[in-house]
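I have placed the structure first, in the form of structure tokens, so that the comments after it can refer back to it.
The values are calculated or read from the model by the stated rules, or taken from the named source; none is laboratory data. Predicted model only: the values in this text are computed from it and were never measured. Glycine also receives a Cβ, built like all others from the backbone with ideal geometry; neighbour counts cover every protein chain displayed.
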Amino acid sequence: MIERQRNGMMAGILAVAVLAAACDPVADPDEGTVSDGVAEGQHADVHGAFLANLSVHCGESFPGVVNAAPEGDPYFSPGLELVLTFRECGEEEVRVPVYAGDNASRTWIFTRTGGGVDLRHDHRYPDGTPEPNTFYGSFVSEPPIGSEAPSANAHNFQRVRDDGMVTGWRVEIIPGERYTYGTQRDGEWRHRFDFDLSTPVENPLEPWGHPPVGEVASLAPAQEEFWANLASHCGQAFEGRLIERPDPDPNFEGDEVMTVHFRGCGESRLALPFHVDDNRSRTWLLTRTTAGIDLRHDHRHADGSPEPSTWYGAHTPGEGTATRQEFIRANGGEVPSGWAIEIIPGERYTYGTIRDGEWNYRIDFDLTTPVSEPPAPWGHEGSTAAR
């Protein structure tokens, strides 16, 4: 959100994770054309067909092995046995946890956006809170960045570094046969995980931070009330104004028309698009976890593709109150910083950045006077809820 330009630190973390984190690999396809599973002609487009192929085995788990990893990788080595689960499958999002022994920290998230598919990596600690380098990833790429055009069976999620090197991930899926995932640099595979889709195995325990499928994570009493306070305005939109900002402020002039839309109200996720004049790039996402509430910032370009600094955010460090929750970043012992949200139903919604408990940015929205619902945020025009 407003901390997008100020959030160089988070963007840097994401970039480092993309280039160096071996926490999540990429796939290497076999030679030849793959065409098994859902054919592109059976679906509206290749991206929908790709997600449909991922969903063929929904609810099932399969064994896998690390077939390639860089020497000295602290997380993976050739021969390491893995288990993958196609855990949650929808037309707009598919979630695929991968387990290495008793490590249940990783979930690959494929999300449909306007114009393609976005791949993100959800990394959690055993207590359910997010790791600092979580939610890194990339948007599906076309040539010349991607090595080939996306298909129903293979998608590249790659981008070009400042030095010209192409890095990212590749995913292949042949239902009933093989799922392959890995990282790549300039067309060379650094990691490769292969999973045998012909032999289901027993489903592992839930990935860290996530309740069983179909269940809603329980929150502390104050957080439950906070969640209900937000949801009480579901479907409504309200205008706000900038109350506090740094001087000088590189982000806002102070006279913009700001609108919050309580648009997506699910049991486990709330999506609140934040519009600034005609800019519809921002959506605040709040998700229930087994450890509390996670706040993320979904930033999109007008074509629906993600901005480079998207998906930054933080988790609640404690119970908070029914009217205020803070989302504090893990920053290695520096002054605590992050975001805060306040909600007094029927009166005021406040969002902003905080440093050592004090407001840095602050925007207040008037909940006494609803306004007309704005257009959908960029990338979500065909969806009933921003995700």
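Descriptive notes on the structure:
- Any hit, the stretch 45-62, residues being modelled with pLDDT under 95 and outside any helix (DSSP H, G or I): yes
- Strands (runs of 3 or more DSSP E) (entirely within the stretch 294-344) containing at least 3 residues that are touching a residue at least 40 places away in the same chain (Cβ under 8 Å): 312-315, 337-344
- So residue 259, is it assigned to a strand (DSSP E or B), in contact with a strand residue (DSSP E or B) (Cβ under 9 Å, 6 or more places away or on another chain), within 30 Å of residue 158 (Cβ to Cβ) and modelled with pLDDT of 95 or more: no
- Any hit, the stretch 295-311, residues being under 22 Å from the mean Cα position of the chain (by Cα), surrounded by 18 or more Cβ atoms within 10 Å (Cβ to Cβ) and of a type in the set (Asp, Glu): yes
- The residues of the stretch 283-293 that are touching a residue at least 24 places away in the same chain (Cβ under 8 Å) and either of a type outside the set (S, T, N, Q) or in a strand (DSSP E or B) (or both), listed by number, are 283, 284, 285, 286, 288, 289, 291, 292, 293.
- From the list 34, 83, 66, the lone residue that is among the hydrophobic types (A, V, I, L, M, F, W, C), over 30 Å from residue 339 (Cα atoms), more than 23 Å from the chain's Cα centre (by Cα) and modelled with pLDDT of 95 or more is 66.
- In the stretch 237-256, residue nearest to residue 292 (Cα to Cα) [restricted to those that are touching a residue at least 24 places away in the same chain (Cβ under 8 Å), more than 27 Å from the chain's Cα centre (by Cα) and part of a loop (DSSP other than H, G, I, E, B)]: 245
- Residue 320 falls short on exactly one of the conditions (1) surrounded by 23 or more Cβ atoms within 10 Å (Cβ to Cβ); (2) more than 17 Å from residue 114 (Cα to Cα), and that condition is (1).
- Test result for residue 354, surrounded by 21 or more Cβ atoms within 10 Å (Cβ to Cβ) and within 26 Å of residue 300 (Cβ to Cβ): no
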